[in-house]
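Every number in this text was worked out from the coordinates using simple rules, so none of it is lab data. On a predicted model such as this, the values are computed, not experimentally measured, just so you know. Here Cβ is always computed from backbone atoms with ideal geometry, including for glycine, and neighbour counts include all displayed protein chains.
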Amino acid sequence: MNEESIKTALIAGQEKELCDLVKGELSNEESPKSILDTMMAGMNIVGSRFQAKEIFIPEVLFSARAMTSATNILKPLLTKSDVQPLGKVVIGTVLGDLHDIGKNVVGMMLEGAGFEVLNLGRDVAPERFIEAAKENGASIIGLSSLITTSMPQMKRTIELLEEAGLRDQVHVIVGGAPVTQDYANSIGADGYADEATGAVQKVKELLHLEQ
Ligand code: B1M
């Protein structure tokens, strides 16, 4: 796989070029998962450059838009639709947080593993997570947070779940770059994962499904 070209197009925010490269890799029978991993590595470089103030929000937005389009090409190949779902998962990025790329990757991986995923999007209020889990009979709520200021919304969602009397019926898993296992423990979450494959494993573990 031409990893460098993929990363370069992503970092430069070249949406069409990136999508063409991804389609080219797929026609060369490259695995969708390794293409996704390469793009995630490229996005980490974007993050480091943003942190170092070498690039700014507009550039990050272009990269994010390119990654979203390219990820949409991979989505049908990473998800399964013709099998009985293993369980229902409501997932979203918490209130005040607009980062959704990683959460979408986690959602896709869960779908790929055979779960039905209700993706609520980003900037999702705690009440909405509870409503959605209730309405759809979901057994898992997945909360994503990418900025430290939105992390308390995870705690709030767990508190509301308790208040709604649903805490023993719904497991909560949390993740996102600033979230840690210690933080997950401190807010009473049932699970934490630092990346998408780990999130799938955690959900299976919580539902006592075979690994
Ligand atoms: Co912003 N941003 N951003 N940003 N952004 C970060 C997160 C930041 C770390 C950059 C930095 O300073 N280095 C920093 C947060 C610092 C902090 O609080 N700790 C930051 C900041 C500060 C901001 C703004 C405040 C900037 C500003 O306005 N001054 C602003 C906040 C807006 C808001 O949310 N209210 C902002 C805005 C944006 C954009 C809109 C421009 C854009 C988001 C576009 C979008 O998502 N549609 C953006 C981006 C793209 C990033 C970086 C560069 C990349 C994030 C990403 O998509 N990574 C990011 C830097 C970085 O993370 N290195 C940064 C790729 C993705 C595949 O990884 O999301 O980590 P990730 O997901 C992983 C795991 O974390 C995990 O699995 C995923 C796949 O492996 N995971 C879960 C995620 N959710 C999970 C849930 C789970 C389990 C695992 O269970 C449910």
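Okay, here's what the table says:
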item	result
Between helix 101-112 and the chain: long-axis angle, C-alpha atoms, 0 to 90°, nearest 10	70
Placed amide H near VAL174: partners under 5 Å, 5+ positions off or other chain	LEU143, GLY191, TYR192, ALA193
DSSP loop GluC sites (Glu not before Pro) with at most 11 other Cβ within 10 Å: longest gap in the chain	55-209
Mean shadow area of the range 1-145, taken as a quarter of the surface of its Cα convex hull (nm²)	9.0
Orientation-averaged projected area, Cα convex hull of the range 3-80 (nm²)	4.7
Using alpha-carbon coordinates, inclination of helix 57-78 to the longest axis of the chain, degrees	80
Residues of the range 58-72 with amide N under 13 Å of the 7 Å Cα→Cβ point at LEU98	58-62, 64-65
The chain: angle of helix 15-27 to the longest principal axis, Cα-based, in degrees nearest 10	90
Label point 7 Å beyond Cα of GLU131 along Cβ direction - residues of the range 161-179 with amide nitrogen under 16 Å	161, 164
Where labels lie 7 Å past Cα in the beta-carbon direction, separation of LYS88 and GLU162 in nm	2.5
